[in-house]
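A short write-up of the structure that comes next.
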Amino acid sequence: MSWRSVLFAALLVGAVWQGRDQWLLRPAHPPDGQIAPDTPVQVEIAEPQTVLHGHWRLRERASYDITARILGRDDYHFDALSDLIPEDLALGWGAMSDNKVLAHFDISQGGRFYGWQARGALPIPREQVVEQSANTHVIPANDLVRRELARLRVGEVVHLTGTLVDGQRDDGVSIHTSLTRSDEGPGACEVMLVDEVEVVDP
């Protein structure tokens, strides 16, 4: 077999697997209505611990329990945080989980940020958009959680439980979590060490 044949076969296999992954991660199409109506539950940790996670030291800030619609997901492999945070999830709850509201927005992600742009007049107050959606940096607590996070699809409702954390790597790179839902811009993302993942039937 010539090297050209080997290269062609390898490219063909890669294309097949890429197509398979794209099909498995195709967007879900949930029903109308607020399919994730509840506000995330955050509880301050009275005696926070430091958790070792690879080359990172993670400082606990608060327990965090959230059920939300996935508005977007962005995978990272080569940036400064990818060894800790392989993906970000843009999450929406309350009005920001409703098809009829989301139809008025263009949702985008990139560079560790989540963005939204209204198509015309806002369907709900701006403060509600900010307070009922967020970009969440998800840290898998173990390999099982990593696999479950990797299978999540835009449009699904997901229940995540875990801990909001600050992190510092051996080389000094650091990241800090938001502790409020009303902020926006740099520093407004939740950094969540995820212990459990459950896809919820809306």
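The values are calculated or read from the model by the stated rules, or taken from the named source; none is laboratory data. Bear in mind that the values here come from a model prediction, so they are computed numbers and not experimental data. Don't worry about glycine lacking a Cβ; one is built from the backbone with ideal geometry, like all the others, and counts go over all protein chains shown.
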| said: Of everything in segment 125-149, what is more than 13 Å from G72 (Cα to Cα) and either among the small types (G, A, S) or touching a His at 6+ places or on another chain (Cβ under 8 Å) (or both)? Give them in sequence order. | reply: I139, A141
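For every residue, the table says whether it meets (1) more than 17 Å from A188 (Cα to Cα); (2) touching a strand residue (DSSP E or B) at 6+ places or on another chain (Cβ under 6 Å); (3) β-branched (V, I, T).
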site: L58; (1), (2), (3): yes, yes, no
site: R61; (1), (2), (3): no, yes, no
site: G72; (1), (2), (3): no, yes, no
site: D75; (1), (2), (3): yes, yes, no
site: L81; (1), (2), (3): no, no, no
site: L84; (1), (2), (3): yes, yes, no
site: G94; (1), (2), (3): yes, no, no
site: F113; (1), (2), (3): no, no, no
| query | In segment 115-144, which residue that is in a loop (DSSP other than H, G, I, E, B) and in contact with an Asp or Glu (Cβ under 8 Å, 6 or more places away or on another chain) is nearest to L58 (Cα to Cα)? | reply | A141
| Of all residues in segment 59-87, how many are acidic (D, E) and under 10 Å from the mean Cα position of the chain (by Cα)? | 3
| message | Can you tell me which of (1) more than 29 Å from E47 (Cα to Cα); (2) hydrophobic (A, V, I, L, M, F, W, C); (3) modelled with pLDDT of 95 or more is the one I139 doesn't meet? | response | (1)
| query | Regarding L164, is this residue under 25 Å from D79 (Cα atoms) and either touching a residue at least 12 places away in the same chain (Cβ under 8 Å) or surrounded by 16 or more Cβ atoms within 10 Å (Cβ to Cβ) (or both)? | reply | yes
| task | Filter segment 90-141 for residues that are surrounded by fewer than 19 Cβ atoms within 10 Å (Cβ to Cβ) and acidic (D, E) and give the result. | result | D106, E127
| field | Residues (in contact with a Phe, Trp or Tyr (Cβ under 9 Å, 6 or more places away or on another chain) and among the basic types (K, R)) located in segment 153-184 | value | R169
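Residues checked against (1) surrounded by 14 or more Cβ atoms within 10 Å (Cβ to Cβ); (2) hydroxyl-bearing (S, T, Y); (3) farther than 16 Å from W93 by Cβ:
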position: R146; (1), (2), (3): yes, no, yes
position: V154; (1), (2), (3): yes, no, no
position: R181; (1), (2), (3): yes, no, no
position: P186; (1), (2), (3): no, no, yes
position: C189; (1), (2), (3): yes, no, no
position: M192; (1), (2), (3): yes, no, no
position: D195; (1), (2), (3): yes, no, yes
| query | Inside segment 65-114, can you point out the residues that are closer than 19 Å to A141 by Cβ and not in a strand (DSSP E or B)? | reply | Y76, L81, S82, D83, L84, I85, P86
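Listed here are the residues, each with its yes/no results for (1) in a strand (DSSP E or B); (2) touching a strand residue (DSSP E or B) at 6+ places or on another chain (Cβ under 9 Å).
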| residue | (1), (2) |
| --- | --- |
| H159 | yes, yes |
| G162 | yes, yes |
| D171 | no, no |
| R181 | no, yes |
| M192 | yes, yes |
| V197 | yes, yes |
| Residue under evaluation M96, criteria (1) within 30 Å of G54 (Cα to Cα); (2) under 16 Å from the mean Cα position of the chain (by Cα), criterion not met | (1)
